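Every read-out reported here was derived from the displayed coordinates using simple, explicitly stated rules and does not represent laboratory data. Just so you know, these numbers come straight off a predicted model, no measurement behind them. Cβ sites come from the backbone with ideal geometry, for glycine too, and all protein chains shown count toward neighbours.
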Amino acid sequence: MGENTSAKNQLPHQVFSVSIDTNPQSGSKCFDDDGRPKRTGTVWTASAHIITAVIGSGVLSLAWAIGQLGWIAGPAVMLLFSLVTYYTSILLSACYRSDDPVNGKRNYTYMDAVRANLGGGKVKICGFVQYVNLFGVAIGYTIASSISMMAIKRSNCFHQSAGKDPCHMNAYPYMIAFGIAEILLSQIPGFDQLHWLSFVAAVMSFTYSSIGVGLGIVRLLGALGFWPLTVYFPVEMYIVQKKIRKWSTRWLCLQILSVACLIISIAAAAGSVAGLVGDLKSIKPFQTSY
């Protein structure tokens, strides 16, 4: 009995080691390094998103812009700004991660990138510009959709009356219907994760871009939103991210690009305001002029 007790006392102690993985989902097939669901985007889905964003409300004023600049200067300016947008998009993509470009913290939204790199009052300015731009685009789409629906109904009215009815119409019902449809669609969970929707939107963007309906409001707000969101914030964040020394050659080139785009945006906004004032003298926003 004593020998058994002594033998038990001499048994080695069992040590249970428990390792805690602070990020168990890292490297998983289902999750990324940040623990979020694995990103499944491809070049095609990214291209569809870009087409949807670029060939949007801005195309509605393309015919007006080409008409103002002519067939030589118009395409040349369009090509120039496409190159500027492409370059600043590269600068913006460099700010996707903070501190380290490979293992740094991800910035999931535009505002997150501005907050991480610039901070302070510039975050509020960026948010204000984003909301103003979103508000203006929403107004533009609502007006464009109501005009399109009225055009279809007016065409049917002409056919039914054999051209005897002037077919005066009010845009309010169509605007309200479009607004209700937007509210209902916005309630769908994970609506932004529907990849096929981007392809449908890209096709629709190509379709309605052929209509070429000019909207003064979209021209005004589009001109004002271009410089801060497309040029200024990407340039400033890139300078902070890459720690570019002030007054260096690279810093001066980026600042010259930003200032040049600002001057052109102000000129474009002034032209849009002048065009909008002229349009409001002869156009009733919520009723056709027929």
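For the pairs Lys38/Lys242; Lys122/Lys246; Lys105/Lys242; Lys38/Lys105, note any where the Cα-Cα span goes beyond 23 Å. In this structure, Lys38/Lys242 lie more than 23 Å apart at Cα.
Each label was represented as a point 7 Å from its Cα along the Cα-to-Cβ direction; for Lys243 and Ala260 these points are 2.9 nm apart.
The simple Förster model, with R0 at 30 Å and r as the Cβ-Cβ distance, assigns Leu83 and Tyr108 a FRET efficiency of 0.65. Computed extension length for Ser148-Tyr131: 3.6 nm, one decimal, from 0.36 nm per residue of separation with the Cα-Cα distance subtracted.
Label-to-label distance, Asp33 versus Val54, with points set 7 angstrom from Cα along the beta-carbon direction: 2.9 nm. Applying 0.36 nm per residue to the separation of Ser47 and Ile72 and subtracting their alpha-carbon distance, the gain on full extension is 6.2 nm.
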